[in-house]
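Have a look at the structure below, then the notes.
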Amino acid sequence: MERRKNKIANKRKSLRQKMNEFVLDLKYLELKLLGKYATTYCYFLPREVQIEVTTICNLMCSWCEVSKRKVKATQQIEMDVIKPLIKSSKGVNSIRFVGVGETLLYKDIVEIVKFSKKYIPNVSVVTNGTFLDKSMIKQLGEAGLSSIAISIDGGDEDMCIRTKGESLHKVLESIKNITELTNIKVDVWSILCKENFESLKKLPGLLKPVGVDRLSFHHLEGSYETTGFHRLEEDSQSVKEFIDYMTIKRNELKINIYLDYLLIKKNNLRIFDMCLHPFSVAVFNVNGLLSQCCMLRSGLKEIDILSLRQAWNSKEMRNFRLNLIKKRYPQSCQACGYK
Ligand SMILES: C[S@@+](CC[C@H](N)C(=O)[O-])C[C@H]1O[C@@H](n2cnc3c(N)ncnc32)[C@H](O)[C@@H]1O
Ligand code: SF4
Ligand code: SF4
């Protein structure tokens, strides 16, 4: 009887998930077909809720907002802020703990993953990977974490030290422990730039044996020339060469490799010529406030949250979407590659 009940509950969950995805795809279709005449209203909940749980970080990656800070950040989200936020996200398929800070430095991360699993099917964290010892891995596994995205920006020790200041060898060891000790899926996120793209070609071969599910390449956001790193997408020949190389590796190693919008756009493969983020992802900062954008959250007006459903289609969100639909990108979007 109990088993039958669970089976029905799981089927319901999966159906709701599929419906949500379908309605979101319809919204994308509307945007594609109606262009500037599309409505700013979103018919369902966001595809994903992202929450910044802390602004504290142990690293100083040269291209991250953390390295621009004048003072060391110390904020952690309060329990009485994050718990209602998670509860009000019930119905959303996925919740991701990520922001400008190191997620695993949040003191209550294990408890909050466990709490989220009661309401949301897919719970994930993004981390620099430096705190993934066996004890943390086991705790996250037992709490029910669905997936973990680990940032690695080089394919050899030197490049990893130069970009993030982390040891590649140590991170690979942690990934191996995650796949051996838990059911957590592992994604690797890499920033692709002129300086590291040759080194990154080594990553698929290193990640396959330790059991990584997906490797995603993202473009470098903002202007970071002074740090000695440059965007690769300006050099379309190198991007094409990189995509071709990764296509071969994807087939050869049977590893899931993904390249983000901008890298694809520069190769004329992008379907949409506008930013879709504020139509699909709800982003909350460490104070529990909704931002209109997932990138430059610090520069945007924030909305006090009553409930996710109300805030998602609030006047502020809809005005912001209207600007994107009309291609009137606000100042805060100017440096962003997604526009
Ligand atoms: C801000 S970090 C926070 C989570 C964690 N500290 C980490 O490094 O994974 C989230 C993601 O943003 C990426 N990131 C940081 N600065 C970026 C930039 N200027 N352009 C693109 N991605 C960036 C990081 O590499 C990481 O994958
Ligand atoms: S570890 Fe993450 S949050 Fe910290 S500086 Fe690097 S990219 Fe930024
Ligand atoms: S274009 Fe603007 S709204 Fe879209 S991701 Fe970039 S900064 Fe955010």
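The values are calculated or read from the model by the stated rules, or taken from the named source; none is laboratory data. Quantities reported herein were computed from a predicted structural model and do not represent experimental measurements. Backbone-built Cβ (ideal geometry, glycine too); neighbour counts: all protein chains shown.
Evaluated against (1) at pLDDT 95 or above; (2) more than 19 Å from the chain's Cα centre (by Cα); (3) not β-branched (Val, Ile, Thr), residue 96 falls short on exactly one condition, (2).
Can you spot a residue in the range 86-95 that is touching a Gly at 6+ places or on another chain (Cβ under 6 Å) and in contact (Cβ under 8 Å) with a residue 60 or more places away in the chain? Among the residues of the range 86-95, not one is touching a Gly at 6+ places or on another chain (Cβ under 6 Å) and in contact (Cβ under 8 Å) with a residue 60 or more places away in the chain, which makes the answer no.
In the set (1) closer than 30 Å to residue 34 by Cβ; (2) modelled with pLDDT of 85 or more; (3) surrounded by fewer than 20 Cβ atoms within 10 Å (Cβ to Cβ); (4) out of contact with any strand residue (DSSP E or B) (no Cβ under 8 Å at 6 or more places or on another chain), residue 278 fails one condition alone, (3). For residue 81, the test of being closer than 30 Å to residue 16 by Cβ, at pLDDT 90 or above and within 16 Å of ligand 2 (Cβ to nearest atom) is failed.
Note on the range 191-240: residues that are within 16 Å of ligand 2 (Cβ to nearest atom), of a type in the set (A, V, I, L, M) and part of a loop (DSSP other than H, G, I, E, B) total 1. Which of the following residues is basic (Lys, Arg) and modelled with pLDDT of 85 or more: 72, 13, 32? That would be 32, the only listed residue that is basic (Lys, Arg) and modelled with pLDDT of 85 or more.
All of 178, 243 fail the test of being at pLDDT below 90 and outside any loop (DSSP other than H, G, I, E, B), apart from 243. Within the range 151-166, the residues that satisfy the criterion of being at pLDDT 95 or above, within 15 Å of ligand 2 (Cβ to nearest atom) and either assigned to a loop (DSSP other than H, G, I, E, B) or within 13 Å of residue 211 (Cα to Cα) (or both) are 152, 153, 154.
With 36, 32, 70 as the choices, which residue is assigned to a helix (DSSP H, G or I), loosely packed, with under 13 Cβ neighbours inside 10 Å and charged (D, E, K, R)? Of 36, 32, 70, the one residue that is assigned to a helix (DSSP H, G or I), loosely packed, with under 13 Cβ neighbours inside 10 Å and charged (D, E, K, R) is 36. Being in a helix (DSSP H, G or I), at pLDDT below 75, away from ligand 1 (no atom under 14 Å from the Cβ) and more than 19 Å from residue 29 (Cα to Cα) holds for only one residue in 305, 264, and it is 264. Of the residues making up the range 157-171, those that are surrounded by fewer than 18 Cβ atoms within 10 Å (Cβ to Cβ) and of a type outside the set (D, E, K, R) are 161, 165, 167, 169.
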